[in-house]
Every structure is written in structure tokens, then in C-alpha cells.
Amino acid sequence: MSSTKLRQWSIPSLIFILKSLCWFVPSVSVLLAIWMIGGNFLASQQEKEIEQDIQFSAS
């Protein structure tokens, strides 16, 4: 066996990889966006609680 035969990609395997990437990349992007939005929401909720505690302790 020559090493060039081992390195060649068949057309069906390339199509499978491209189809997998077509689902993988958008799903990771959506999960990252949800994580960022959720993190910003939690941070804003904590900020409101801290501001209320500061106002309560100042009065």
C-alpha cells in the first residue's frame, strides 16, 4: 500500500464531514449566544440586588 492511498479522502466522507459541520457550527453558535445572554441577565440581576443592598444600608 502506498501512503498516498491512505491520505486520500473519498467523496462520501467529505460530504459527511461538510454536513456534520453544517449542523455543528450553528448549534455551537446558538449555545454560545444563549450562554452569553443568560450570563448578562444573571449579572444584571445581581447588580440590582447589590444596588438595593447599598441603598438599604445607606438609609
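A few remarks follow.
- Scanning segment 29-59 for residues that are among the aliphatic types (A, V, I, L, M) and within 23 Å of the chain's Cα centre (by Cα) yields V30, L31, L32, A33, I34, M36, I37, L42, A43.
Condition check ((1) surrounded by 10 or more Cβ atoms within 10 Å (Cβ to Cβ); (2) modelled with pLDDT of 85 or more) across all residues:
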{"position": "M1", "(1), (2)": "no, no"}
{"position": "T4", "(1), (2)": "no, no"}
{"position": "S10", "(1), (2)": "no, yes"}
{"position": "S13", "(1), (2)": "yes, yes"}
{"position": "I17", "(1), (2)": "yes, yes"}
{"position": "F24", "(1), (2)": "yes, yes"}
{"position": "A33", "(1), (2)": "yes, yes"}
{"position": "N40", "(1), (2)": "yes, yes"}
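The values are calculated or read from the model by the stated rules, or taken from the named source; none is laboratory data. None of the values given here were measured: they were computed from a predicted structure. Using ideal geometry, Cβ is built from the backbone for each residue, glycine included, and neighbour counts are taken over all protein chains shown.
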